[in-house]
Amino acid sequence: MKEINHFINGEMFVSQGKAQSVFNPATGEVNATLHFADEATIELAIKAATAALPAWSATPPVRRARVLFKYKTLLEKNLDELASLITAEHGKTLTDARGSVQRGIEVVELACGVPYLLRGSYAENAATDVDCYSMRQPLGICVGITPFNFPAMIPLWMFPMAVACGNTFILKPSEKDPSCPLRLAELALEAGLPAGVLNVLQGDKTTVEKLITHPKVAAVSFVGSTPVAENIYQTATHHGKRVQAFGGAKNHCIIMPDADIDQAVAALLGAAYGSAGERCMAISAVVAVGNVADAFVAKLAPRVRALKIGPGTAADTEMGPLISKEHLQRVKSYVDLGVKEGADLVVDGRDFQLKDYQHGNFMGGCLFDKVTPTMRIYREEIFGPVLVVLRAPDFATALQLVNEHEYGNGTAIFTRDGGIARTFASQVKVGMVGINVPIPVPVAYQPFGGWKRSLFGDIHLHGDEGMRFYTKVKTVTQRWFENPVGTEFTLPTN
Ligand code: NAD
């Protein structure tokens, strides 16, 4: 049986104590035994990250960037292996897994430009013979806690920028699919990242609690569900850390009566059911405006019934299994709840069985129509292949629905009307907006992050924001005494 351990100071570290199985969600088989970090192991990682910090933070940014250049090429070279590790433990299709690694590599590319991002600013002669300049310096040890649904992409949205900025890093990946993040760390060492700059600790809640309260940790980046995000934000800020904690979502897509329905149906099929709906940017609620709902549901339903469901390794699979048996039951129980709440279950995927994979966590796509805003299947994040359709009489009502929802991660509108699209982009209370784009995950050089209860803290990931999160600003005002000045008792002005 494969054993999964920790990566500390450039080496695999084997710990004793608590362990749990890592499963293949398509077959239900145990893939590996995962060992959790105990207190001594956590201390070892902190020690390694502390020891590596002075030399790494003093390394010129351009040399740090060169390591990242090499890392980018290594990630590309090993893309197939990384994707296979993801599919084996997460279940998503190999093509989707490859795409997610690629979206992670884009942030490595961004981090290669760190000398430019860190260049600061200089104001000559800010006052007579006085210059003023600002610079960005690393924070120290940064911690990243990541969810199961993007085991490569989300860690890659964090640590490359953090280390490029001169910090050291401890990653605590999801205990459900830890193999790919571990491989990411090995490749970083191979690329030339000094030992101790990037460490990986395996574990769960207990490991996280120790890390986010540890006096040597300067900053915490978290991505996961909202209750955990909120708790991590409160606890870690209480302990003096800089924190960004990204939470859950209920992403709405408004379909206007003038939209190209075929285009919207095609886009939403992938956006709602791709990766079995286990994406924080998945569309999980459609708001159909005016009379568009009947045509939309009539066209979408047969496509949902016809989804090709299978193991992520099969070339023609469109939708793989859910992450775990518990999660499968949770998602199915939401479908039961929707029926009880009185929504119209147009496509019922609860009884789906995949031949030869009876122990896999498969279910079919589900589609609810005539859902109302008070129903729990609308209010809560289901995080599975379940799309709910609400009907709104006009754009203003649809916009209000989106704005009143507690989550504000992503949203989209399908329309041919530029004026409506512009009003939507301007007035919607959501962090990432798509116009005829169903999953508006921004490119690496633009910021990623939600609003409302989808993000605790206010600095987003990647774009300039990542660099801002992982550095603190220092501003220097300097004068050289060629023209001597006397004592000043008043606040200097220009
Ligand atoms: P999760 O909250 O269960 O776990 C996330 C991480 O936190 C894991 O590493 C886990 O070990 C740790 N953890 C779990 N419970 C904890 C606790 N009580 N205290 C401290 N740490 C704890 O999330 P998940 O199931 O792995 O991921 C799915 C969730 O992540 C969904 O809600 C999804 O919307 C969200 N997500 C959000 C974004 C975003 O950008 N906003 C991106 C991806 C996923």
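The values are calculated or read from the model by the stated rules, or taken from the named source; none is laboratory data. As the structure is a prediction and not an experimental result, all values here were calculated from the model. Neighbour counts run over all protein chains shown; Cβ positions are idealised from the backbone, glycine included.
Kindly indicate whether Ala195 is more than 8 Å from the ligand (Cβ to nearest atom) and either free of Cβ contacts under 8 Å to residues at least 40 places away in the same chain or of a type in the set (Phe, Trp, Tyr) (or both). No, not satisfied. I'm trying to understand the selection: among the residues of segment 111-132, which are aromatic (Phe, Trp, Tyr) and either surrounded by 15 or more Cβ atoms within 10 Å (Cβ to Cβ) or over 30 Å from Phe69 (Cα atoms) (or both)? None; the set is empty.
So that you can scan it fast, the table gives a plain yes or no per residue for (1) touching a helix residue (DSSP H, G or I) at 6+ places or on another chain (Cβ under 9 Å); (2) modelled with pLDDT under 95; (3) among the small types (Gly, Ala, Ser):
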position	(1), (2), (3)
Lys2	yes, yes, no
Lys18	yes, yes, no
Ser21	no, no, yes
Pro25	yes, no, no
Ala32	yes, no, yes
His35	yes, no, no
Ala52	no, no, yes
Val62	yes, no, no
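Looking at Pro194, is it under 30 Å from Asn403 (Cβ atoms), in a loop (DSSP other than H, G, I, E, B) and touching a helix residue (DSSP H, G or I) at 6+ places or on another chain (Cβ under 7 Å)? In short, no. Inside segment 239-279, residues that are closer than 30 Å to Lys210 by Cα and either at pLDDT below 95 or not hydrophobic (A, V, I, L, M, F, W, C) (or both) make up a count of 9.
Cβ-Cβ distances below 9 Å connect the following pairs, each with a first residue in segment 56-77 that is of a type in the set (Val, Ile, Thr), a second residue that is in a helix (DSSP H, G or I), and a separation of six or more residues or different chains: Thr59/Val67; Val62/Val114; Val62/Pro115; Val67/Val163; Val67/Ala164; Val67/Ala188.
Taking the criterion of being in contact with a Ser or Thr (Cβ under 8 Å, 6 or more places away or on another chain) and away from the ligand (no atom under 14 Å from the Cβ), the residues of segment 163-179 that qualify are Cys165, Gly166, Asn167, Thr168.
Here's the yes/no breakdown for (1) surrounded by fewer than 24 Cβ atoms within 10 Å (Cβ to Cβ); (2) β-branched (Val, Ile, Thr):
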| residue | (1), (2) |
| --- | --- |
| Gly408 | no, no |
| Gly419 | yes, no |
| Thr423 | yes, yes |
| Ile435 | yes, yes |
| His462 | no, no |
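Which of the numbered conditions does Lys370 fail, given that it passes all the others? Conditions: (1) surrounded by fewer than 24 Cβ atoms within 10 Å (Cβ to Cβ); (2) on the phi < 0 side of the Ramachandran plot. Failing condition for Lys370: (2). Residues in segment 306-343 that are over 17 Å from Glu278 (Cβ atoms), in a helix (DSSP H, G or I) and not charged (D, E, K, R): Leu337, Gly338, Val339.
When residues in segment 215-228 are screened for being within 7 Å of the ligand (Cβ to nearest atom) and aliphatic (A, V, I, L, M), 2 of them pass. Going by what's in this entry, would Ala162 be described as buried (at least 24 other Cβ atoms within 10 Å of the Cβ), among the small types (Gly, Ala, Ser) and either closer than 21 Å to Arg64 by Cβ or in contact with a Cys (Cβ under 7 Å, 6 or more places away or on another chain) (or both)? It is true that Ala162 is buried (at least 24 other Cβ atoms within 10 Å of the Cβ), among the small types (Gly, Ala, Ser) and either closer than 21 Å to Arg64 by Cβ or in contact with a Cys (Cβ under 7 Å, 6 or more places away or on another chain) (or both).
For segment 249-268, state whether one or more residues are of a type outside the set (Phe, Trp, Tyr), closer than 30 Å to Leu53 by Cβ and near the ligand (Cβ under 9 Å from one of its atoms). No, there is no match, as no residue in segment 249-268 is of a type outside the set (Phe, Trp, Tyr), closer than 30 Å to Leu53 by Cβ and near the ligand (Cβ under 9 Å from one of its atoms).
Within 16 Å of the ligand (Cβ to nearest atom) and at negative phi - does that describe any residue in segment 389-404? No, every residue in segment 389-404 fails to be within 16 Å of the ligand (Cβ to nearest atom) and at negative phi.
Taking segment 262-283 as the range and being closer than 20 Å to Gly248 by Cβ and either part of a helix (DSSP H, G or I) or out of contact with any strand residue (DSSP E or B) (no Cβ under 6 Å at 6 or more places or on another chain) (or both) as the test, the residues that pass are Leu268, Ala271, Ala272, Tyr273, Gly274, Ser275, Ala276, Gly277, Glu278, Arg279, Cys280, Ala282. Of the residues Gly144, Gly203, the single one that is within 13 Å of the ligand (Cβ to nearest atom) and part of a strand (DSSP E or B) is Gly144. Look at (1) within 16 Å of the ligand (Cβ to nearest atom); (2) farther than 13 Å from Ile283 by Cβ; (3) free of Cβ contacts under 8 Å to residues at least 40 places away in the same chain; (4) among the aliphatic types (A, V, I, L, M) and you find that Val443 fails only one, number (3). With respect to the stated conditions, Leu182 is of a type outside the set (S, T, N, Q), surrounded by 18 or more Cβ atoms within 10 Å (Cβ to Cβ) and either more than 15 Å from the ligand (Cβ to nearest atom) or assigned to a helix (DSSP H, G or I) (or both).
Among the residues making up segment 115-141, those that are on the phi > 0 side of the Ramachandran plot and either within 16 Å of the ligand (Cβ to nearest atom) or in a loop (DSSP other than H, G, I, E, B) (or both) are Gly120, Asp129, Gly140. Looking at segment 175-190, is at least one residue closer than 12 Å to Gly144 by Cα and not basic (Lys, Arg)? Yes, segment 175-190 contains at least one residue that is closer than 12 Å to Gly144 by Cα and not basic (Lys, Arg).
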